[in-house]
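Comments concern the structure below.
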Amino acid sequence: MRRLWISTPTRSNTGFCQCNQLAIPRIPRIDIRSQRYTMAAATMACENNNKNNNTMSEITNNTTSARRNTSKHRSTSTDFLEYLTKADRPSTAEYQQQERHLFHNNSNDRSVTSTMSAKKDRAAALSDFYRSLATQDIDSIWPKYSYLYHHQYHKNLTRRNFRQLFLSAIRSRSTQRNLQRLLVLIDDMKERGMQLKCNEYDALMHWIGGRTVPVKKSHHLTEALALFDEMQQQTIQPSLVTYNTLIHIASQVSDIRMAQRLYHDMIAHDIKPDAYTYATLLSSMGKMRDVDGMEQMFEQLQKMQHVANNTIIWNAVLSGYAASDRIDEAKKMFGEMYNSLKQNKRYNNTAKEQQQQQNGAEEEKEKERKAPVADTQSFRIYIEALLSQGEQDTAIQVLEDMTRYDLEPIAAIYNQLFRSFMNEEAVEEDDNGSHRNNDGLILDEEAQTKLNTVKKLQQSMNELNVPPNSETMYTLVSALLDLGDTNLALETFVRLNRNMSNDAAVNKARLTLNTHDTIALLTQRRFELDTTKPNKLEPNQELLERLGKIVK
């Protein structure tokens with residue numbers, strides 16, 4: 001059987017794995033008196049070891065990416081995983097050097113390695129780990145956990161502690177580094193004899209199946225299926241989330257046969273598909289331009305009102321029409337969803353009248369509304385379909401309708417609008433402020449109108465506080481350069497980088513662990529974490545080269 005740890009997937013943003021339904025763990029109780037004692041004892045031990053050296057907390061910060069070396073009883077797959085994650089694991093010599101600085105720098109202080117000092121160090125390290133665990137921030141927790149492992153203190157952790165650490169890992173940002181941490185954590189749990197649960201397997205499939213990459217490959221599906229086989233060998237029954245995750249991965253790699261096979265396997269196990277299951281199958285058919293098969297399945301779903309009248313199902317069909325260039329069918333379907341949205345707001349504005357006619361009013365409303373209400377994703381799909389047909393004005397008008405019905409636009413919508421203004425004939429400004437193209441001819445008002453439209457879209461994005469991402473930087477700056485406003489393009493590029501750097505510095509300072517922070521304060525910080533926003537903006541290489549030529 002092909003081993004699981006044979007590749008290192010990178011980033012992905014979508015998926016139907018419902019990992020957020022996992023129960024939020026309770027915070028472990030810590031006796032305040034024992035906490036004070038252990039922290040004071042750790043401080044005294046560090047002062048006696050070497051007055052001129054760093055404290056244990058500083059040594060811990062210096063070993064942020066520390067992990068363990070391969071033991072004698074590790075398997076071949078674990079050894080290969082160790083090789084893949086070697087950047088996150090300093091060598092044994094480095095750890096020995098750090099310990100020498102901490103414990104053996106002064107020959108007169110060798111007595112600190114006694115049993116009493118070891119117990120105090122273990123208590124202080126565990127106390128520091130529990131405090132960081134309260135934040136659920138993997139970047140704060142991982143250095144403390146690495147310190148526990150390399151001193152063999154992790155053996156004092158319970159299954160519940162590993163569960164909390166696992167939840168912090170799967171809720172972190174979709175980065176390659178966090179994926180490596182998750183794989184190492186799973187290896188540690190198995191080494192301790194802790195069997196994974198079904199929802200933990202589901203989350204691991206979602207990560208290994210290509211969550212950290214923009215485009216999934218066939219090997220992501222292979223590795224997820226290998227994990228599915230391991231799950232069945234452990235006599236763990238798969239759940240609805242398990243099949244939804246695998247079907248989604250199969251559809252992303254355009255393996256429609258495997259998706260259908262998993263669907264039939266789900267039915268054989270008496271697991272009832274939900275709206276996410278059918279939406280994934282419909283979306284995969286739309287990507288393959290199998291409009292007839294998609295429409296046939298959609299008609300069959302009309303008999304299941306609880307599934308058919310679902311925004312997710314309609315968005316999948318709408319996306320299929322857009323991918324197949326069926327713009328007329330897409331406009332008709334979105335029109336029905338848009339009418340339902342207007343009708344829904346009208347009902348919300350007459351709430352008092354609904355209370356007076358509560359009996360039977362909801363049933364009549366559902367009968368009149370055949371289509372579900374359009375959401376943000378519905379608008380995104382429809383705007384992209386309009387832009388593919390060159391209807392920029394109509395797409396911008398649809399964006400304005402979103403805010404009218406209290407729907408918050410997302411960065412993906414603005415990115416598509418900015419991209420529609422790219423690839424225009426490059427223009428330059430003369431001394432009088434007139435816009436000229438490469439041939440030196442003065443352009444008509446059309447180019448200036450497009451430039452003003454891009455500026456209005458940028459202003460709208462700022463007013464609505466839509467967080468930009470790396471794609472926003474590339475599309476917006478490129479559109480401004482193509483339309484001839486070089487100064488604004490450079491200012492926008494600098495501003496986006498500066499704002500993101502400031503936000504990252506503020507968040508880092510806000511989540512920094514202080515010695516006197518209480519557990520309640522650390523627990524409150526978990527609500528300030530937002531892993532959905534980009535951690536940093538990475539400029540496109542093409543954009544950097546283009547800006548470099550302008551600056552020179």
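The values are calculated or read from the model by the stated rules, or taken from the named source; none is laboratory data. Quick caveat, the model's predicted, so the values are computed rather than measured. Every residue, glycine as well, gets a Cβ built from its backbone with ideal geometry; the counts of neighbours run over all protein chains shown. Surface areas here come from the heavy atoms of the whole protein model, side chains and all, with no ligands, DNA or RNA. Shrake-Rupley method; radii C 1.70, N 1.55, O 1.52, S 1.80 Å.
Some points to look at:
- The range 263-290, residues that are open to solvent by 10 Å² or more (accessible area, probe 1.4 Å), part of a helix (DSSP H, G or I), of a type outside the set (Asp, Glu) and touching a Phe, Trp or Tyr at 6+ places or on another chain (Cβ under 9 Å): 263, 276, 278
Residues are listed down the side, and each one gets a yes or a no for (1) open to solvent by 50 Å² or more (accessible area, probe 1.4 Å); (2) aromatic (Phe, Trp, Tyr); (3) over 16 Å from residue 454 (Cα atoms):
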site: 378; (1), (2), (3): no, no, yes
site: 381; (1), (2), (3): no, no, yes
site: 386; (1), (2), (3): no, no, yes
site: 390; (1), (2), (3): yes, no, no
site: 399; (1), (2), (3): no, no, no
site: 405; (1), (2), (3): no, yes, yes
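- When residue 213 is tested against the conditions (1) in contact with a strand residue (DSSP E or B) (Cβ under 8 Å, 6 or more places away or on another chain); (2) open to solvent by 20 Å² or more (accessible area, probe 1.4 Å), the lone failure is (2).
- Here residue 152 fulfils each of the conditions (1) touching a helix residue (DSSP H, G or I) at 6+ places or on another chain (Cβ under 8 Å); (2) without any contact (Cβ under 8 Å) to a residue 40 or more places away in the chain; (3) of a type outside the set (D, E, K, R) apart from (1).
- Residue 243 vs. criteria open to solvent by 10 Å² or more (accessible area, probe 1.4 Å) and either touching an Asp or Glu at 6+ places or on another chain (Cβ under 6 Å) or in a helix (DSSP H, G or I) (or both): no
- Condition met for residue 238 (within 30 Å of residue 146 (Cβ to Cβ) and part of a loop (DSSP other than H, G, I, E, B)): no
Table: residues versus (1) more than 30 Å from residue 196 (Cβ to Cβ); (2) at pLDDT below 90; (3) not in a helix (DSSP H, G or I).
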{"residue": "97", "(1), (2), (3)": "yes, yes, no"}
{"residue": "105", "(1), (2), (3)": "yes, yes, yes"}
{"residue": "111", "(1), (2), (3)": "yes, yes, no"}
{"residue": "117", "(1), (2), (3)": "yes, yes, no"}
{"residue": "135", "(1), (2), (3)": "no, yes, yes"}
{"residue": "148", "(1), (2), (3)": "no, no, no"}
{"residue": "166", "(1), (2), (3)": "no, no, no"}
{"residue": "169", "(1), (2), (3)": "no, no, no"}
{"residue": "174", "(1), (2), (3)": "no, yes, yes"}
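- In this structure, residue 174 does not satisfy being open to solvent by 30 Å² or more (accessible area, probe 1.4 Å) and either in contact with a Gly (Cβ under 8 Å, 6 or more places away or on another chain) or among the small types (Gly, Ala, Ser) (or both).
- Exactly one residue out of 339, 344 is open to solvent by 70 Å² or more (accessible area, probe 1.4 Å), assigned to a helix (DSSP H, G or I) and touching a residue at least 24 places away in the same chain (Cβ under 8 Å): that is 339.
- Residue list for the range 408-425, filter: at pLDDT 90 or above and open to solvent by less than 50 Å² (accessible area, probe 1.4 Å): 409, 411, 412, 413, 414, 415, 417, 418, 420, 421
- For residue 233, the conditions (1) closer than 30 Å to residue 469 by Cα; (2) without any contact (Cβ under 8 Å) to a residue 60 or more places away in the chain are fulfilled apart from (1).
- Yes/no for residue 477 being part of a loop (DSSP other than H, G, I, E, B) and modelled with pLDDT of 90 or more: no
- For residue 528, the conditions (1) at pLDDT below 90; (2) open to solvent by less than 50 Å² (accessible area, probe 1.4 Å) are fulfilled apart from (2).
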